[in-house]
1. Using the charge dipole of the stretch 38-240 (Lys, Arg: +1 at Cβ; Asp, Glu: -1 at Cβ; taken about the Cα centre), state which of Val122, Gln236, Ser142 has its Cα farthest towards the positive end.
2. Suppose a student asked you for the relative contact order of the stretch 95-240, using Cα pairs under 8 Å spaced at least 6 residues apart; what percent would you report?
3. Classify the stretch 136-234 from the C-alpha gyration tensor, please: rounded if a/c falls under 1.5, else prolate or oblate depending on whether a/b exceeds b/c.
4. By the scheme Lys and Arg +1, Asp and Glu -1, what is the net charge of all other residues having a beta-carbon under 15 Å from that of Val184?
5. Please sort by residue number the GluC sites (Glu not before Pro) in the stretch 105-143 whose DSSP state is loop and whose Cβ has at most 11 other Cβ atoms within 10 Å.
6. Using each residue's phi in the stretch 129-138, evaluate 6.51 cos²θ - 1.76 cosθ + 1.60 at θ = phi - 60° and report the 3J(HN,Hα) Karplus result to the nearest Hz, with x for Gly and Pro.
7. With the Cα gyration tensor of the stretch 190-241 giving a ≥ b ≥ c as the square roots of its eigenvalues, does the rule (a/c under 1.5 for rounded; else a/b larger than b/c for prolate; else oblate) give rounded, prolate or oblate?
8. Show me the ranking of peptides 183-190, 57-64 by mean Cβ neighbours inside 10 Å, starting with the highest.
Amino acid sequence: MLYKRLVSFFAILTLSLATVAVAAAATRNPDRKEKNQRVLTPVNLAILIQDDLVSQVGNELNVTRDFIRSLPAGSTVMVGYITTGTLQVRQPFTSDLDRAAGSLRTVMSSNSASAFNPYVEVIEGLRKFESGKGRNVLLLISDGLDTSRGFDSGAAGNTLDLLRAIDHAKKRDVAIYTFYAPSVGLTSHSHLASSYGQSSLNRLAHDTGGKAFFQGSSFVSFDPYFRQLREALNDQYAKAY
């Protein structure tokens with residue numbers, strides 16, 4: 001009986017010490033918690049959303065609005081939708097973060113809104129940035145699939161317009177971050193198409209100094225994406241300065 005009590009006592013003591021250690025580590029590293037909660041320095045952010053993505057993307061409007069509103073003072077935001085081969089700017093760059101957040105709408109989730117090629121509209125979005133005015137970031141929410149010249153899995157991550165978008169981003173010093181979500185078209189039904197799109201998004205982000213976020217071929221939530229995006233933006237700033 002005494003042996004069991006001693007075992008229980010030491011188990012509780014070990015757990016308590018571990019809890020104290022974790023709390024102490026958090027106290028010693030408050031910046032880590034802060035980093036995950038908000039972006040620390042102003043950005044010029046263009047958010048481009050592909051209009052034929054699955055309807056579940058509409059459930060992520062609130063978390064997207066929260067992210068916009070959480071940006072630090074001095075930030076500017078543009079919101080645009082990639083639809084039927086054009087870029088529809090819902091909100092030009094503004095420092096009114098509430099207004100930018102309010103311009104978000106649900107995606108059409110229809111083949112009639114298919115982008116065919118999101119990268120031409122990315123180039124158009126890049127032209128909206130003004131040079132020499134702070135840190136520039138573009139967030140592309142897309143399936144990444146370019147079918148404008150046919151569906152060729154061998155060209156994944158290497159299409160003409162993708163390479164043009166990378167070149168334009170580098171010239172304008174814009175880091176591109178990407179969130180993958182399937183469209184109502186091919187990427188909802190074909191694992192190959194999904195992999196092709198993700199490969200292209202990954203190259204776009206990597207070659208422009210950004211980062212690509214995706215969870216396999218399915219879509220769950222933007223919540224973890226935004227947490228990682230905040231940290232990536234803060235890391236990017238820390239490395240630059």
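1. My answer, from the dipole projection, is Gln236.
2. 24
3. It comes out oblate by the Cα gyration axes.
4. Values: positive: none; negative: Asp51, Asp52, Asp143.
Once all neighbours under 15 Å are counted, the net charge is -3.
5. On the way: sites: Glu121, Glu124, Glu130; in loops: Glu130.
Sparse-neighbourhood loop GluC sites (Glu not before Pro): Glu130.
6. 6, 8, 6, x, 10, x, 8, 9, 9, 10
7. oblate
8. 183-190, 57-64
Quick note: the coordinates plus some simple rules give every number you see, no bench work behind them. Quick caveat: nothing in here was measured; it's all calculated off a predicted structure. Note that we place each Cβ from the backbone using ideal geometry, even for glycine, and neighbour counts take in every protein chain shown.
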